[in-house]
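Beneath this line is the structure, given in C-alpha cells, with notes to follow.
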Amino acid sequence: MTLQERLADIVGAQHVLTDPAETKPYFTDWRRQYSAAAECVVRPATTQQVSQVVALCARENVAIVPQGGNTGLVGGSVPTGTRREVVLSLGRLNRIRALDPLNDTLTVEAGCVLAAVQSAAAEAGRLFPLSLAAEGSCQIGGNLSTNAGGVNVLRYGTAREQVLGLEVVLPDGRVWDGLRGLRKDNTGYDLKQLFLGAEGTLGVITAAVLRLYPKPTASATAWIALASAGEAVELLGALRAKLGDRISAFELVSRTCLEAVLSFTKESRDPLPAAHPWYVLAELGDSGPPAALRERVEEALGEREAVLAQSGEQARELWRIRESIPEAQFSNVKHDISVPVSQIPAFVQICGQKLAARFPQAEIFCFGHVGDGNLHYNIGPQALLEQRAAVNDIVYQAVAGFAGSISAEHGLGQLKRDAIRGLKPAIELELMRTLKGALDPKGLMNPGKVL
C-alpha cells in the first residue's frame, strides 16, 4: 500500500488530499512568499487519528508539517519541499471539549478558530482575551504554537499566559495528556512550555486548557494624536498611573500606516480633522457602569487631541483602522521586533536614520503594541523587496543594539531561521538543538523551521 492509502485507512479517503487544486492553499503561505509541494494533505478529526498519522509517518521517515489556519507570516506552516513531507491540517479538530465556569477554564481542540473560542467564552459570561486581526480564520493550535501576542498583551499577556494545560502528540505518535486546569503545580518541569512557541517542531498540540477572565462590564476606546513615538511611551506611563490595569490595549500607529489604510479601504475615515505624525489606539475595560469609566478616561486624557468612541460601532470603526493595516501595506519588507518599552523612541529614531541613509526612498510603516515593546516595523516601497537582506541587516542590527528580539510574536519559521544564528548566543542555540534532538531525534517535526 502507498502512504496515501494507509493514511486514508486512518482518516478516510476524502480527507487525504492530493489533487493540486485542493492542496494549493495548504502549500502556500498567507503572504505568498513560500510555496512547496508535499506528498499530500491529511485532515484528521481526533487526537487518536493524529497519533496514528504521526506514528505512521515516523515509521516511514516522512516529515510532518502541522498546520492550523495558515495565517502565519514567516513560512512556518507550509512545506519546504526539501524532503518527503505531509501537511497535517488540524481544522477538523474543532470541538469545545469542556467549560468550567467556576475554575474559569475552557478546554478546546487545536482546530478551533480563535473567534469561536472567544464566542464560547462570551456565551458563558467570560472573556478569552487573545485577540488579533486574523481571529476569524486563525486556529488556537497555531496561536499557541507561535505564542501569538495580539492587542491585549498589555493586560493579559501573550498566548503562553493563557494556557494551563496541553494535549500533545509527540514525534513518535505517543500522546501526552497534560490537560490539567491547575494554576499551581510544582511537581517538576513545566512541560507545556516546551511546546508553546515551538512552531510544531517538537510535537503537535491537539488540545488546550485555556484561562478565562471576568468579562468587563464597561469599555472605552480612544484614538489619541501624538507628536512622536516618545510621547506614546510617556502617555502610557501617565495613563497607567491614573488608570492602572484598566488599559488592555495600547496600539501605536504611524501616520504612514493611517494613510495606507485610508487609501486601501475607502470606507475608512480619518478620526481627527488634522493630520498628526503618530497616534495611539487605546482600549480600556473595567467593572461598574460605562459612564464611570468614560469619565475617568476623559479626565486622564485631559486636553489631548483625541476621539473617545461614543458607541460600540464607533469603537469598531477605530479598531477596523488598526486591523486593516497589515493588508493595506501588504508588499514590503516586514519586521516583527521587540525592544524594551523605554527604548522604543530611540529605536524608531536611530533605525529610521540608518534606513534613510542607505535607502533614501524608504517609507516606514510602524505600528504595534507599545505596552510590550513589540513593533511591526515594515519598510516600503515594494521595490525594496529585492534588497530585503540589506534592509533586514540594518533593522536587525539596530534591534540587537537595544538587546531586542527580531521576532516578538510571529515566530521564526523559514523567514528568520537563519538570521538568529548571528543574533542569539551560541549557548541558547545549543540548548534549543538539545531539546529538538531529545524530543525529535529523526527531525521529522516541521523540518526547516526555527532551527
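The values are calculated or read from the model by the stated rules, or taken from the named source; none is laboratory data. Computed from a prediction, not measured in an experiment: that's the story for all the values here. Note that each Cβ is placed from the backbone with ideal geometry, even for glycine, and that neighbours are counted across all protein chains shown.
Do we have any residue at all in the range 313-322 that's farther than 16 Å from R255 by Cα and either touching a residue at least 60 places away in the same chain (Cβ under 8 Å) or not charged (D, E, K, R) (or both)? It would help to see each step written out before you state the result.
Pass one, the range 313-322, residues farther than 16 Å from R255 by Cα: 313-317.
In the following step, the residues that additionally are either touching a residue at least 60 places away in the same chain (Cβ under 8 Å) or not charged (D, E, K, R) (or both) were identified as 314-315.
Scanning the range 313-322 turns up at least one residue that is farther than 16 Å from R255 by Cα and either touching a residue at least 60 places away in the same chain (Cβ under 8 Å) or not charged (D, E, K, R) (or both).
Would you mind finding the one in S254, S228 that is closer than 23 Å to L73 by Cα, polar (S, T, N, Q) and at pLDDT 95 or above?
On the way: S228 fails: closer than 23 Å to L73 by Cα.
Going through S254, S228 in turn, the sole match is S254.
From L281, L293, grab the single residue that is outside any strand (DSSP E or B) and at pLDDT 95 or above.
None of the others qualify; the one that does is L293.
How many of the residues in the range 327-354 are crowded, with 21+ Cβ neighbours inside 10 Å and not polar (S, T, N, Q)?
10
Which one of the conditions (1) surrounded by fewer than 19 Cβ atoms within 10 Å (Cβ to Cβ); (2) on the phi < 0 side of the Ramachandran plot; (3) touching a Lys or Arg at 6+ places or on another chain (Cβ under 7 Å); (4) not aromatic (F, W, Y) does E161 fail to meet, given that it meets all the rest?
Among (1) surrounded by fewer than 19 Cβ atoms within 10 Å (Cβ to Cβ); (2) on the phi < 0 side of the Ramachandran plot; (3) touching a Lys or Arg at 6+ places or on another chain (Cβ under 7 Å); (4) not aromatic (F, W, Y), E161 violates only (3).
Restricting to the range 307-322, and then to whatever is out of contact with any Cys (no Cβ under 9 Å at 6 or more places or on another chain), surrounded by 14 or more Cβ atoms within 10 Å (Cβ to Cβ) and not charged (D, E, K, R), can you tell me which residue is farthest from K215 (Cα to Cα)?
Of everything passing the filter in the range 307-322, V307 is farthest from K215 (Cα to Cα).
Just for helices (runs of 4 or more DSSP H) wholly inside the range 98-215: which have at least 3 residues that are out of contact with any Gly (no Cβ under 8 Å at 6 or more places or on another chain)?
Details: elements: 114-123, 140-145, 153-156, 192-195.
Answer list for the range 98-215: 114-123.
Looking at this structure, is A121 surrounded by 22 or more Cβ atoms within 10 Å (Cβ to Cβ), at pLDDT 95 or above and under 29 Å from D418 (Cβ atoms)?
For A121, the condition - surrounded by 22 or more Cβ atoms within 10 Å (Cβ to Cβ), at pLDDT 95 or above and under 29 Å from D418 (Cβ atoms) - is not met.
So which of R304, R294 is in contact with a strand residue (DSSP E or B) (Cβ under 7 Å, 6 or more places away or on another chain) and either buried (at least 17 other Cβ atoms within 10 Å of the Cβ) or of a type in the set (G, A, S) (or both)?
When all the criteria are applied, what remains is R294.
Restricting to the range 48-83, and then to whatever is in contact with an Asp or Glu (Cβ under 6 Å, 6 or more places away or on another chain) and outside any strand (DSSP E or B), can you tell me which residue is surrounded by the most Cβ atoms within 10 Å (Cβ to Cβ)?
G76
Give me a count of the residues in the range 259-302 that are of a type in the set (S, T, Y), closer than 28 Å to P326 by Cα and touching a residue at least 60 places away in the same chain (Cβ under 8 Å).
Filtering the range 259-302 down to residues of a type in the set (S, T, Y) leaves 263, 265, 268, 279, 287.
Next, only the ones that are closer than 28 Å to P326 by Cα stay: 263, 265, 268, 279.
Right, trim to touching a residue at least 60 places away in the same chain (Cβ under 8 Å) and you get 263, 265.
Going through the range 259-302 one residue at a time, the tally reaches 2.
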